[in-house]
Amino acid sequence: MVKITFYGHACFKISSSKFSIIIDPWLKNNPQANISPEQVEVDYILITHGHGDHFGDALEIAKANNATIIAPYELATYCQSKGAKVHPMHIGGDYTFDFGWLQLTPAMHGSGYIEGDNIIYMGSPCGFLIGIEGKTIYHAGDTGLFGDMKLIGEKTSLDVAMLPIGGNFVMGIDDAVKAVEFLKPKIVVPMHYNTFDIIKKDPEEFKKKVENKTGTDVVILKPGEMITVN
Ligand code: NI
Ligand code: MN
């Protein structure tokens, strides 16, 4: 049994009976988050890209938990230089961990990290395919729609997909509906909307459109809510 908890924006915790993984742990300055970094207990931290609303409190959580950060090579190397335990990977690469299987997928986006007046290069942004306790979960990261989502849907039977719907920086609702048609997950959870005015979207519109066009169930989670995948 796998539990997926939403902490607002693009942050999710995935828990199996033995392991906990947090993805894109932006909590401290996240207006949607109802948990602080000090409350997070995890074994692994997955980061899709270097933007502050994803990188977030990763270093603090990594140190407090002695957790391993898994991220694209450049971003992982940056985290290592700040004292974190890391496992670098890259797009298309897969690896079997103690918690299960992981593969990095492409994401059409940027990945610079802003530090004062500098923009630090963090390599390519990514998404994650996660195999855990027999379930397969896809977190798309920040991305526009891309045709290879069809390839991911063909080669992988997805139990749950987390997809951005907020537009402006990432897919909007109609492109995210197309993504669901490509990916064919059993369940889709919308993310990356309503955190700021510029990404204001109605998740109920997404739900209606997806359920009209596909066999996928849309589960809208409020921050702090959880789904159980059996
Ligand atoms: Ni971003
Ligand atoms: Mn973002």
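The values are calculated or read from the model by the stated rules, or taken from the named source; none is laboratory data. Predicted model only: the values in this text are computed from it and were never measured. For neighbour counting, all protein chains shown are included, and Cβ atoms are generated from backbone atoms with ideal geometry for every residue, glycine included. Each accessible area value is taken on the protein alone, full model and side chains, heavy atoms only, with ligands, DNA and RNA left out. Shrake-Rupley method; radii C 1.70, N 1.55, O 1.52, S 1.80 Å.
Here is how the numbers come out for the structure above:
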item: Inter-label distance, nm, simple model (7 Å from Cα along the C-beta direction), residue 151/residue 63; result: 3.9
item: Phi-based couplings in Hz for segment 180-192 (Karplus 6.51, -1.76, 1.60; Gly and Pro marked x); result: 5, 4, 6, 7, 6, x, 5, 10, 10, 10, x, 8, 6
item: In order through segment 72-83: 3J(HN,Hα) via Karplus (6.51 cos²θ - 1.76 cosθ + 1.60), integer Hz, x for Gly, Pro; result: x, 3, 5, 5, 5, 5, 4, 5, 4, 5, 9, x
item: Mean shadow area of segment 108-152 over all directions, Cα convex hull, nm²; result: 4.3
item: Of all accessible heavy-atom area on segment 2-229, the percent that carbon and sulfur account for (1.4 Å); result: 48
item: Under the Karplus curve 6.51 cos²θ - 1.76 cosθ + 1.60, θ = phi - 60°, whole-Hz ³J(HN,Hα) for segment 100-114, x wherever Gly or Pro sits; result: x, 10, 9, 9, 8, 10, x, 9, 8, 6, x, 8, x, 10, 8
item: Descending semi-axes in whole angstrom, ellipsoid equivalent of the chain, from the Cα gyration tensor; result: 25, 19, 17
item: Helix-only mean residue ellipticity at 222 nm for the chain, each DSSP H run of n ≥ 4 adding -39500 (n - 2.57), per residue, nearest 500; result: -6000 deg cm²/dmol
item: Solvent-accessible area per residue for segment 2-229 (1.4 angstrom probe, square angstrom); result: 41
item: Amide hydrogen neighbours beyond the local backbone of residue 163, cut-off 5 Å, H modeled; result: 189, 191
item: For residue 18, net neighbour charge (Lys/Arg +1, Asp/Glu -1) across residues whose Cβ lies under 15 Å away; result: -1
item: Pair residue 204, residue 90: separation of 7 Å Cα→Cβ label points (nm); result: 4.7
item: Long-range amide H partners of residue 46 with built H, under 5 Å; result: 22, 23, 24, 70
item: All-pairs alpha carbon distance profile, segment 25-147, 10 Å steps from 0, percent; result: 14, 44, 37, 5, 0
